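One structure is given below, encoded as structure tokens.
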Amino acid sequence: MPRAVRYDHYGSLDVLYVAEADVPTPAADEVIVEVVSAGINPGEVPVREGLAHGIWPAAFPSGQGSDFAGRVVAVGAAVSAPAVGAEVVGFTNNRAAQADYVAVPATQVTLKPANVGWDEAGSLFVAGSTAYAAVRAVEAKSGETVVVTAAAGGVGSLAVQLLCRAGVRVLAVAGKANQEWLASLGAEPVVYGDGLEERLRTVAPDGVDAFIDAFGDGYVDLAVRLGVAPVRINTVVDFLGAQRFGTRSDGGMAAATADVLAELAALIAAGELTVEIGASYPIEQVREAYTKLAERHTRGKIVLRMR
């Protein structure tokens, strides 16, 4: 029987289980995708715990997951493309990606380039669209200096690469274990922790032009202290900080289109963008995957594998 990740009430990761699920029938504008891989993301945790109920209330039993990659196995009557058999990367807004099959509008998938791996494709949408939106929000120009926090994470590492492609000097804030890797991407690594503000002032004596926060925990305050204009600070985590200082807070929904997904996938296919896979788990180990995510030290993305 097909499987899907489910939970019947809000709670810790103990509420997660894998259930039998029917293969969905496509609406006229939908495709059915047999999922190969699906990413897991930090934003799914507060939804599952009920902390985001006022914004994204769950209907039980609830599924999980937004980004996926797989093969089209059925199409609705109004769908002309993609065809059955096509390999696609896509997203769902119905918390349904962590399953063997998912039904989505055809406008929410794009063809997967043949040389892009399943894990990279399946974990691309949330981190990719968020990084894309954050980079666009700060309007960094070639030659400018931009700080990126949580630079080794899924969002941060993609933001680093997109900025470096644009000729931006990137100060990548991360742990010691990721310094060499971030340097290989073209960034200048800076170790997080006590004394970070002084370290940033030392390596950027002429100041910082823009700041992307992918971690929270006071980094918006730090950006303001560094003299970055609020309009050029973007956080994808600290929304209270954004309200307090009037900064940007563009996240994945600001770039949630198949066109953006196709652009990112094409960059990966061309070798101009890398999605680092920190860990991969079979769907039956979904709790273990979220336990790993909670450590907040994973390089790149964590993926669930359906097949």
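The values are calculated or read from the model by the stated rules, or taken from the named source; none is laboratory data. Note that the structure is a prediction, hence the values are computed from the model and not measured. Cβ atoms come from the backbone with ideal geometry, glycine included; neighbour counts cover every protein chain shown. Ligands, DNA and RNA are stripped out before the accessible areas are found, and what is left, the full protein with its side chains, is counted by its heavy atoms. Shrake-Rupley method; radii C 1.70, N 1.55, O 1.52, S 1.80 Å.
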Suppose a student asked you for the relative contact order of region 108-262, using Cα pairs under 8 Å spaced at least 6 residues apart; what percent would you report?
28 percent
If you plug each phi of region 196-213 into the Karplus form 6.51 cos²θ - 1.76 cosθ + 1.60 with θ = phi - 60°, what whole-Hz ³J(HN,Hα) values come out, in order, with x for Gly and Pro?
4, 4, 5, 5, 5, 5, 5, 7, 10, x, 8, x, 10, 7, 8, 8, 10, 9
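What's the ranking of 151-160, 179-188, 215-224 by average number of surrounding C-beta atoms within 10 Å, highest first? Mind showing how you got there, number by number?
Working: 151-160: 29.7, 179-188: 17.1, 215-224: 20.1.
Top to bottom by mean Cβ count within 10 Å: 151-160, 215-224, 179-188.
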Mean Cβ neighbour count within 10 Å, used as a protection proxy, ranking 13-21, 92-100, 59-67 highest first
92-100, 59-67, 13-21
Tilt, helix 124-138 to longest principal axis of the chain (alpha-carbon atoms), in degrees rounded to tens, equals 30 degrees
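Given the alpha-carbon gyration tensor of the chain, what are the semi-axes of its equivalent ellipsoid in whole angstrom, ordered largest first, with each equal to the square root of 5 times an eigenvalue? Numbers along the way, then the final one.
Numbers: eigenvalues 229, 86, 58 Å².
Semi-axes, largest first: 34, 21, 17 Å.
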How would HIS297, HIS9 line up by accessible area, probe 1.4 Å, largest first?
HIS297, HIS9
Return the FRET efficiency for the residue pair ASP221, GLU139: r is the Cβ-Cβ distance, R0 is 22 Å, and the value is rounded to the nearest 0.05.
0.55
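For the chain, what does the helix formula give at 222 nm: sum of -39500 (n - 2.57) over DSSP H segments with n ≥ 4, over the residue count, nearest 500 deg cm²/dmol? Show your work: numbers first, answer last.
Details: 10 runs with 87 residues, N = 307.
Theoretical 222 nm ellipticity from helices: -8000 deg cm²/dmol.
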Which percent, to the nearest 5, of DSSP beta bridges fully inside the chain are antiparallel?
60 percent
Residue among VAL45, GLY227, THR291 farthest towards the positive dipole end of the chain, charges placed on Cβ:
GLY227
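Give the carbon-plus-sulfur fraction of the accessible surface of the chain in %, rounded to a whole number; probe 1.4 Å, heavy atoms of protein chains only.
Answer for the chain is 53 percent, counting heavy atoms of protein chains only.
Kindly give the semi-axes, whole Å and largest first, of the ellipsoid equivalent to region 157-307, taking each as the square root of 5 times a Cα gyration tensor eigenvalue. Don't jump to the answer; show the numbers that get you there.
On the way: eigenvalues 147, 67, 63 Å².
In descending order the semi-axes read 27, 18, 18 Å.
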On C-alpha positions alone, give me the angle between the axis of helix 154-165 and the longest principal axis of the chain, in degrees, nearest 10.
60 degrees
As a percent rounded to 5, the proportion of antiparallel DSSP bridges among beta bridges in region 50-172 is 65 percent
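Determine one quarter of the surface area of the Cα convex hull of region 104-226, which equals its mean projected area, and express it in nm² to one decimal. Walk me through the numbers before you get to the answer.
On the way: hull surface 35.3 nm².
Over all viewing directions, region 104-226 projects a mean Cα-hull area of 8.8 nm².
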